[in-house]
1. Wholly within the stretch B:372-490, which helices (runs of 4 or more DSSP H) include no fewer than the required count, namely at least 2 residues that are more than 21 Å from the chain's Cα centre (by Cα) and among the aliphatic types (A, V, I, L, M)?
2. Looking only at the stretch B:438-455, count how many residues are within 13 Å of B:Ser113 (Cβ to Cβ), open to solvent by less than 10 Å² (accessible area, probe 1.4 Å) and hydrophobic (A, V, I, L, M, F, W, C).
3. When you go through (1) of a type in the set (A, V, I, L, M, F, W, C); (2) out of contact with any Lys or Arg (no Cβ under 9 Å at 6 or more places or on another chain); (3) farther than 20 Å from B:Ala71 by Cα one by one for B:Ala359, which number turns out not to apply?
4. List the helices (runs of 4 or more DSSP H) that sit entirely inside the stretch A:54-123 and contain at least 2 residues that are under 29 Å from B:Lys236 (Cβ atoms) and without any contact (Cβ under 8 Å) to a residue 60 or more places away in the chain.
5. Exactly one of these conditions fails for A:Arg118: (1) within 21 Å of the chain's Cα centre (by Cα); (2) facing chain B (nearest Cβ under 10 Å). Give me its number.
6. Can you pull out every residue in the stretch B:200-217 that is open to solvent by less than 20 Å² (accessible area, probe 1.4 Å) and among the small types (Gly, Ala, Ser)?
7. For the stretch A:1-46: of the residues being within 26 Å of B:Thr280 (Cα to Cα) and modelled with pLDDT of 65 or more, which is most open to solvent (accessible area, probe 1.4 Å)?
8. Can you name every one of the helices (runs of 4 or more DSSP H) wholly within the stretch B:188-286 that holds 1 or more residues which are more than 28 Å from the chain's Cα centre (by Cα) and free of Cβ contacts under 8 Å to residues at least 40 places away in the same chain?
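The values are calculated or read from the model by the stated rules, or taken from the named source; none is laboratory data. Since the model is a prediction, treat every value here as computed from it, not as a measurement. FYI the Cβ positions are ideal-geometry reconstructions off the backbone, even for glycines, and counts take in every protein chain you see. In case anyone asks, the SASA skips ligands and DNA or RNA and just uses the protein heavy atoms, side chains included. Shrake-Rupley method; radii C 1.70, N 1.55, O 1.52, S 1.80 Å.
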Amino acid sequence: MTTQAAPPPGGAGPAQAPAQVPAEEFARVQQSPEFAELRRSHRSFAFPLTVAFIAWYLLYVLLSNYAGDFMGTKLFGNVNVALVLGLAQFATTFLIAWLYSRHAAAKLDPKAQAIKDRLEGGA
Amino acid sequence: MSAIPHLTTAAGATEHRPLIITLFGLFVVATLIITVWAGRQTKDAADFYAGGRQFTGFQNGLAISGDYMSAASFLGIAGAIALFGYDGFLYSIGFLVAWLVALLLVAEPLRNSGRYTMGDVLAYRMRQRPVRTAAGASTIVVSIFYLLAQMAGAGVLVSLLLGITADGGKIAVVALVGVLMIVYVTIGGMKGTTWVQMIKAVLLIAGTLLITFLVLLKFNFNISALLGQAAEHSGKGAKFLEPGLKYGKDSLSKLDFFSLGLALVLGTAGLPHILIRFYTVPTAKAARKSVNWAIGIIGAFYLMTIALGFGAAALLNRDDIIKSNKAGNTAAPLLAQAVGGGPDSTGGAILLAVISAVAFATILAVVAGLTLASSSSFAHDIYVNVIRKGRATEKEEVRAARWSTVVIGAVAIFLGALARDMNVAGLVALAFAVAASANLPTILYSLFWKRFTTQGALWSIYGGLISAVGLVLFSPVVSGKPTSMFKDADFYWFPLENPGIISIPLGFLLGWLGTVLSKEKADPQKYAELEVRSLTGTGAH
């Protein structure tokens, strides 16, 4: 991509006063292939994963409700399937949080930062 | 007197009162000093609403944990596990998994595109006044229900821990909690509230860690032995470790549990007092980090509730737990006393006092967060943007926020005192259901659906809000059963206590329907702005 037009004046205080970006710029950036790529990287990761962990959680709730015998099967000592699946919910939650954060740091943050810098004129 | 009857009244034993009150007092003095210090640094609206946006991801993660882990989850879950075994643990899991919705879909875009409230994001692309009004209404309803449950619970709990039985004593406790929360929020704003929540989180984790360690020590760190003794001691045998004791009675209670699970997992990311915490950090990356810390801390805490709950079942007498509090809310303090050496030992007295003080700190931090969320929304969404049409100075806005804190706090004290003898535990579940039915659909459509319109937003907010509240109004939570809020009235026809299974799909459906049926088209320019800002952080406040 070519360099963007100069930002409007007033991008002085970076954190306190948000940079002013004209409305047309947002529309133009939104149509750009880079932004489409950023959106796709976020959605194609976050959406299916959200559906998956909600389904996995609801499956666990349904099993607790309607599969009592299976859930009560003892695995070792007094530890049964219900407890192990419950702990598995903890494990998958930690795992998904870690996976998403790794994905975001590697794939989302650099793209987002590049677009932001260009829009705000590197301010 | 033998040790057994002593234990039954131990949580209310008056000889421990001085120590418990001293620890309460220490916490109150320390937090008030911090509040005054934070108040001196609170100058503009960003300070009051968002603590100057200067907290780190870790600090905010701690504060989120402090905001989220209510007395209901600390004492309630430990008690539910102690009495119902495995079914008590089911709550913890929904409360934790729910954070992934916040992490993957909500925290970062919200931080990037909003300023102070949930309404900022919902109204971003829409006609301001109607959507701000709806967002404000929903925020206040969710927060007040939640607050009411905490306040009434505080009255019961603190009275129990201090051995206060007089009615006037309970009212005094509710008033004290209310006045403290008003002071924290009006003087300290978000900065003061955040520090109170961080301190509380540290105390709560340290307290549960200690008790967990002592419980496990008794079983030589053999979890299976702990579970075995809990099952045996509960009188229910292996059933105690399986699902079904609490929710498995009939097909209706199973459906109710499914409905609850749905509200828990989808509600968290729509709770206004949680959402405004994301504005206290400088960037979306820091918001992500805070959620990660929160997931770690909250997850560890809920894992420890297993040891607390099953520990209480294994080490305490079931009848004693029930005699002290029917719902098991004092199981954790009683357990602390037992692992500290028993009711007659100094160790037992100290641990009981410590855990009681932690419970008190827990309540204060949560009610402060809820009050801040509702007063922020009233001042920023309704007063400034609807009543004054956006033409208020920052000074006027902060003043309005402080006054709304006083008013909302006073209302909460009044309602909390009225509800002191009602069973209001169902109100927390209702708050989650409204958040999942009204707020979450609107947030997700606003952020991710280009065609979403003002009418869609209004339909999803009001549709989700009214259906969730309406169904609960006509459910056994409110009337018709001995456990209802109004046990003498009977006007219920909706059989479930949890409306989520109907109101959540309805909220999503109405948001979609309102959009496709609206004559007004979505503004593509505005969506471009919101989408680019929410994903990149361009022009973030």
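1. Once the helices (runs of 4 or more DSSP H) in the stretch B:372-490 are filtered for at least 2 residues that are more than 21 Å from the chain's Cα centre (by Cα) and among the aliphatic types (A, V, I, L, M), what remains is B:394-418, B:440-448, B:454-473.
2. Here is the first cut: in the stretch B:438-455, the residues within 13 Å of B:Ser113 (Cβ to Cβ) are B:443, B:446-448.
Narrowing the set further to residues that are open to solvent by less than 10 Å² (accessible area, probe 1.4 Å) leaves B:443, B:446-447.
If we keep only those that are hydrophobic (A, V, I, L, M, F, W, C) as well, we get B:443, B:447.
Selection size over the stretch B:438-455: 2.
3. B:Ala359 satisfies every listed condition except (3).
4. Numbers: elements: A:68-71, A:81-103, A:109-119.
Per the criteria, A:68-71, A:81-103.
5. For A:Arg118, the exception is condition (1).
6. Of the residues in the stretch B:200-217, the ones open to solvent by less than 20 Å² (accessible area, probe 1.4 Å) are B:200-201, B:204, B:207-208, B:211-212, B:215.
Listed by number, the residues that qualify are B:Ala201, B:Gly207.
7. Of all residues in the stretch A:1-46, those within 26 Å of B:Thr280 (Cα to Cα) come to A:10-21, A:26, A:38-39, A:42-43, A:46.
Subsequent filtering for residues that are modelled with pLDDT of 65 or more retains A:20-21, A:26, A:38-39, A:42-43, A:46.
On the way: A:Gln20: 121, A:Val21: 23, A:Phe26: 8, A:Leu38: 2, A:Arg39: 61, A:His42: 9, A:Arg43: 61, A:Ala46: 0 Å².
Among those that are within 26 Å of B:Thr280 (Cα to Cα) and modelled with pLDDT of 65 or more, it is A:Gln20.
8. Details: elements: B:223-234, B:251-267, B:272-275.
Correct list: B:223-234, B:251-267.
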